[in-house]
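Let me begin by presenting the structure, written as structure tokens, before commenting on it.
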Amino acid sequence: MKQSGWKMGMIALLLTSAVGCSSAQSPEQATTQQNQTSEQPSQNTSTQAASSEQAAPSVSIDEKKAEELLAQFQNQTPTKVVTISVAITEILHELGIAPIGVPTTSSKLPAALDSVPRIGTSHQPDLEQIAKLQPEFVLGPSSIKDSVDKKLKPAGTPTAYLPVDSLDELKLSTVVLGRLFKQEAKAEQLLSKIAEQEKSIIETTKGKPTPKVLFLFGSTEALMVMSDQTFAGSIAHNLGAVNVATDTLKQTQTYAPLNMESIVAANPDVILLVAHGDPNAVAKKFEEDVKKNGAWEKMNAFKNGKMQSLDFSTFGTASIVNAPAAYQQLAEILYK
């Protein structure tokens with residue numbers, strides 16, 4: 001029972017930071033991209049047609065998983081959707097799809113959505129407002145499907161869920177939504193651009209020593225260790241860094257409780273905080289806990305002055321539009 005209570009507390013903290021109380025989700029800078037395929041010479045028409053029938057060849061996705069996600073919509077292309085996820089809202093915007101309801105959040109959503117009704121957070125949806133909008137589907141993150149269904153299913157609200165924790169999951173969901181809304185070309189354009197930026201930044205890290213990194217997420221009340229399945233963790237993995245949570249501690253959970261003895265044993269070269277709240281206060285609290293453990297002088301990250309807080313506006317919430325900036329920032333931190 002004690003462990004169950006802890007898990008519920010951690011889930012509540014994550015929901016609060018990711019949807020409702022995140023005060024630093026980066027401003028939406030991207031605008032709806034134009035379908036450049038239609039501008040190509042007419043002799044490429046057959047190539048364009050073939051391309052539009054496929055999902056984003058710039059990325060490799062799990063086709064079986066994509067089919068499972070699309071099956072939620074029963075071969076229908078919805079015209080009225082509500083989203084309770086900032087990440088999904090951003091993807092829809094990039095594809096030129098306007099939801100009729102978006103999450104209530106302190107994160108800055110695209111200006112084009114300023115007049116769109118807010119429908120509450122994922123952990124506290126406004127059932128009355130959602131019912132008033134009469135959406136064909138409410139789109140939410142797969143990671144909290146069970147908790148959201150408990151609130152929406154009794155009201156008969158149709159739901160569908162997409163994975164959006166890691167960068168690979170964001171890419172998969174972009175492909176799926178591109179197919180669902182017949183916007184494959186825009187999905188391909190977005191993912192191709194990201195792929196080019198990824199390749200360029202990854203090239204700058206080749207041949208350099210591989211750092212061992214520890215990612216921590218949370219506040220002064222509680223910190224969790226982030227695996228490769230998180231947004232920051234997945235990007236660090238793609239950059240070639242070793243995430244001690246996954247590699248050394250063999251963590252299978254996306255977020256796991258902080259165990260100081262294990263962290264000391266893993267001895268990361270770099271410790272990076274994704275702080276919900278005052279990052280300086282979180283860093284200070286963690287340093288105090290390490291000192292109490294008597295391990296301050298033993299850890300490479302502290303000896304080399306390689307502990308710092310990440311920009312919450314970039315890393316606080318998984319974001320397809322923030323991926324290039326996240327790559328750049330992590331590359332500079334991990335390999336400078």
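The values are calculated or read from the model by the stated rules, or taken from the named source; none is laboratory data. All values reported here derive from a predicted model rather than from experimental measurement. Cβ sites come from the backbone with ideal geometry, for glycine too, and all protein chains shown count toward neighbours. Calculation scope for accessible area: heavy atoms of the full protein, side chains included, ligands and nucleic acids excluded. Shrake-Rupley method; radii C 1.70, N 1.55, O 1.52, S 1.80 Å.
Our note on the geometry: Cα centres of the stretch 274-307 and the stretch 221-247, 17 Å apart. A Förster distance of 56 Å, applied to the separation of the beta-carbon atoms of ASN304 and LYS150, puts the FRET efficiency at 0.75.
If I compute solvent accessible area with a 1.4 Å probe over the protein chains, what percent of it on the stretch 235-293 is carbon and sulfur?
Details: 1250 of 2770 Å².
Exposed carbon and sulfur together represent 45 percent of the surface.
Gain on full extension, evaluated as 0.36 nm per residue between THR220 and ALA111 minus their Cα-Cα distance, stands at 36.0 nm. Taking Lys and Arg as +1 and Asp and Glu as -1, the other residues whose beta-carbon sits under 14 Å from that of ALA281 total -3. Pairs from the list LYS151/LYS186; LYS151/LYS250; LYS145/LYS171; LYS298/LYS336; LYS108/LYS212 with a Cα-Cα gap above 24 Å: LYS151/LYS186; LYS151/LYS250; LYS108/LYS212. Applying 1/(1 + (r/R0)^6) with R0 = 51 Å to the Cβ-Cβ distance of THR79 and GLU297 gives a FRET efficiency near 0.25. Taking every protein chain into account, the accessible area of the stretch 195-250 amounts to 42 square angstrom per residue (probe 1.4 Å).
Around GLN124, what is the net charge, scoring Lys/Arg as +1 and Asp/Glu as -1 over all other residues with Cβ under 15 Å from its Cβ?
Values: positive: ARG118, LYS150, LYS151; negative: ASP126, GLU128, ASP149.
Summing Lys/Arg as +1 and Asp/Glu as -1 gives 0.
Under the simplified labelling scheme, the LYS182-GLN253 pair shows an inter-label distance of 4.5 nm, with each label point 7 Å from Cα along Cα→Cβ. Bridging of LYS65 to aspartates and glutamates at a Cα separation below 20 Å is possible for GLU53, ASP146, ASP165, ASP168, GLU169, GLU184, GLU188, ASP228, once same-chain residues fewer than 8 apart are set aside.
What is the extension gain from ARG118 to LYS65, computed as 0.36 nm multiplied by their sequence separation minus the C-alpha to C-alpha distance, in nm to one decimal? Walk me through the numbers on the way to the answer.
Working: separation 53, 0.36 × 53 = 19.08 nm, distance 3.00 nm.
Extra length available between ARG118 and LYS65 comes to 16.1 nm.
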